[in-house]
């Protein structure tokens, strides 16, 4: 499996556009038979191989409790790659990849299985030339993290010096369920791995459009001068899903929408939207500026008015009758778990003083969409009469993260005719139309960054703890109330209280 590209004499040696290929290494996936591995990780590994971005000395090692042989794992992996890969499936690529695939059955508390895993890593050093380098992906429930981490510590698998190469760990969200548990988890991970070798993955940060937000702001003179409270009225960040909880009742009942999405995805998007210009696009510079924003966030003082929770009821969605959350399999019929959360936050910095940031997320909403909407202040309209501009709204810049990746700019334009009438029009940029190269999947980019040791798109523990500092008071307030989440019909944009929250400020939600 070869990677890289022929040298280009027109490009300098430091040209960041050149393909980056990691050092020889092993990727160990714990929980390799789970949904995340099948739907995202294995297809991402195949796509990297197909693009020539994996080193010749690469091995994929799966670990799970299934009593499988290697052939069973190979079949699962092939089906996952054929179904989920972004790039064309090629037998030649697959043949090279399967030569480097191994599977080891075992439970997380099985000392013997982890001893065998340590031995297998040493064998791969000899057979595949992986040079002692290994990345461990914890695609497992957070409750299993302590057991697995302690097993790696016991066997020396996390020790860079003992292995003779680098050892890294990838931790999936949620990073704890509140600030104390997050600190406990961070302490445990940092006790086993060195801080620079811990990659806390938030797949939203791997999306091309999220990274484009930085290019939009800092590579263009057009936007940065107006990216402040003098010109911006408010910012709305939405992550809407049209699906229910599916088979995730066990996880979701103990988590809810605020912990599942607000605490990580949406606060990270807020940080990227509000951050100051970094001195460079290296990991330390980006993380420093994001942490400043998260540290300047304050929960709303009036939590009853500006922290809304809802739960989907039965209703119609896309012409189909769907059941209420409490009727979903595995859900408590009296559940108080929120499937919708909305909150008003402020960033207490000079740039953003007085600008509200409205965040919302929910399930069983009308459509699947994630977007960042920057709503600008209205012009005074001095030359125009009231009737000239009565159909004109606010200028808006909307960054669509998914599914129709792109950017929309809304502004006023004169309607053709003999009278002066100004209405909203839109200029639209779409990734799929502007570029011939398809965007890589988020996990594809993030897995490659892990193997390269590039932590630019991974939150560090201080960012995680600052996020919990914002969310914990909201969760504690909701837990202290006698009433539960406000119900909303499936197919609606959340409970009425979410609209009332913005109405108090004289604003309305964008309709994506």
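The values are calculated or read from the model by the stated rules, or taken from the named source; none is laboratory data. Not measured: the values here are computed from a predicted model. Note that each Cβ is placed from the backbone with ideal geometry, even for glycine, and that neighbours are counted across all protein chains shown.
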Those residues of segment 438-449 which are within 15 Å of the chain's Cα centre (by Cα) and either assigned to a helix (DSSP H, G or I) or not assigned by TED's automatic domain parsing to the domain that holds residue 283 (or both), in sequence order:
442, 443, 444, 445, 446, 447, 449
Scan segment 58-91 residue by residue and report those that are crowded, with 20+ Cβ neighbours inside 10 Å and closer than 19 Å to residue 118 by Cα.
58, 59, 60, 61, 62, 63, 64
Report whether or not residue 366 is assigned by TED's automatic domain parsing to the domain that holds residue 234 and either in contact with a helix residue (DSSP H, G or I) (Cβ under 7 Å, 6 or more places away or on another chain) or over 20 Å from residue 233 (Cα atoms) (or both).
yes
Can you spot a residue in segment 319-328 that is part of a strand (DSSP E or B) and loosely packed, with under 13 Cβ neighbours inside 10 Å?
yes
I want to confirm something. Restricting to segment 470-499 and keeping residues that are in a helix (DSSP H, G or I) and touching a strand residue (DSSP E or B) at 6+ places or on another chain (Cβ under 8 Å), which single residue is farthest from residue 193 (Cα to Cα)?
496
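Within segment 43-57, how many residues turn out to be crowded, with 20+ Cβ neighbours inside 10 Å and under 19 Å from residue 133 (Cα atoms)? Write out each step before concluding.
Step one: of segment 43-57, the residues crowded, with 20+ Cβ neighbours inside 10 Å are 43-50, 53-55, 57.
Pick out the ones that are also under 19 Å from residue 133 (Cα atoms) and you get 45, 48-49, 53-55, 57.
The total comes to 7.
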Return the residues of segment 101-140 that are in a loop (DSSP other than H, G, I, E, B), out of contact with any strand residue (DSSP E or B) (no Cβ under 7 Å at 6 or more places or on another chain) and in contact (Cβ under 8 Å) with a residue 12 or more places away in the chain; say none if nothing qualifies.
107, 108, 109, 129, 131, 132
For the structure I just gave you, tell me whether residue 298 is surrounded by fewer than 20 Cβ atoms within 10 Å (Cβ to Cβ), in contact with a helix residue (DSSP H, G or I) (Cβ under 9 Å, 6 or more places away or on another chain) and at pLDDT 95 or above.
no
Among (1) surrounded by fewer than 21 Cβ atoms within 10 Å (Cβ to Cβ); (2) within 22 Å of residue 255 (Cβ to Cβ); (3) under 21 Å from the mean Cα position of the chain (by Cα), which single condition is residue 202 missing?
(1)
Give the residue that is nearest to residue 208 (Cα to Cα), with candidates limited to residues of segment 478-512 that are touching a helix residue (DSSP H, G or I) at 6+ places or on another chain (Cβ under 7 Å) and surrounded by fewer than 15 Cβ atoms within 10 Å (Cβ to Cβ).
508
Going by the structure shown, is residue 233 out of contact with any helix residue (DSSP H, G or I) (no Cβ under 8 Å at 6 or more places or on another chain) and either under 20 Å from residue 373 (Cα atoms) or part of a helix (DSSP H, G or I) (or both)?
yes
From the list 286, 270, exactly one residue is over 26 Å from residue 485 (Cβ atoms), assigned by TED's automatic domain parsing to the domain that holds residue 494 and surrounded by 21 or more Cβ atoms within 10 Å (Cβ to Cβ). Which is it?
286
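Go through the residues of segment 92-100 one by one and say whether even a single one is touching a strand residue (DSSP E or B) at 6+ places or on another chain (Cβ under 6 Å) and either crowded, with 18+ Cβ neighbours inside 10 Å or outside any loop (DSSP other than H, G, I, E, B) (or both).
Going through segment 92-100, the residues touching a strand residue (DSSP E or B) at 6+ places or on another chain (Cβ under 6 Å) turn out to be 100.
Filter once more, so that each one left must be either crowded, with 18+ Cβ neighbours inside 10 Å or outside any loop (DSSP other than H, G, I, E, B) (or both): 100.
Looking for residues that are touching a strand residue (DSSP E or B) at 6+ places or on another chain (Cβ under 6 Å) and either crowded, with 18+ Cβ neighbours inside 10 Å or outside any loop (DSSP other than H, G, I, E, B) (or both), one finds at least one in segment 92-100, hence yes.
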Looking only at segment 186-199, decide whether some residue is touching a residue at least 60 places away in the same chain (Cβ under 8 Å), surrounded by 22 or more Cβ atoms within 10 Å (Cβ to Cβ) and not in a helix (DSSP H, G or I).
yes
Residues being surrounded by 14 or more Cβ atoms within 10 Å (Cβ to Cβ) and either in a helix (DSSP H, G or I) or touching a residue at least 24 places away in the same chain (Cβ under 8 Å) (or both) - total across segment 240-253:
9
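Test residue 212 against the stated conditions and say whether it is under 15 Å from residue 271 (Cα atoms) and surrounded by fewer than 17 Cβ atoms within 10 Å (Cβ to Cβ). Give the derivation first.
Values: under 15 Å from residue 271 (Cα atoms): yes; surrounded by fewer than 17 Cβ atoms within 10 Å (Cβ to Cβ): no.
Taking the combined requirement at face value, the residue does not satisfy it.
Residues to consider are 359, 266; find the one that is outside any strand (DSSP E or B) and under 25 Å from residue 501 (Cα atoms). Lay out the reasoning, then the answer.
Numbers: 359 fails: outside any strand (DSSP E or B).
Of the residues listed, the single one that is outside any strand (DSSP E or B) and under 25 Å from residue 501 (Cα atoms) is 266.
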Is there any pair linking a residue in segment 496-512 that is in contact (Cβ under 8 Å) with a residue 40 or more places away in the chain to one that is assigned to a loop (DSSP other than H, G, I, E, B) and surrounded by fewer than 14 Cβ atoms within 10 Å (Cβ to Cβ), with Cβ under 6 Å and at least six apart or on different chains, and which?
502/508
Touching a residue at least 24 places away in the same chain (Cβ under 8 Å) and over 21 Å from residue 467 (Cβ atoms): which single residue out of 206, 164 fits that description?
164
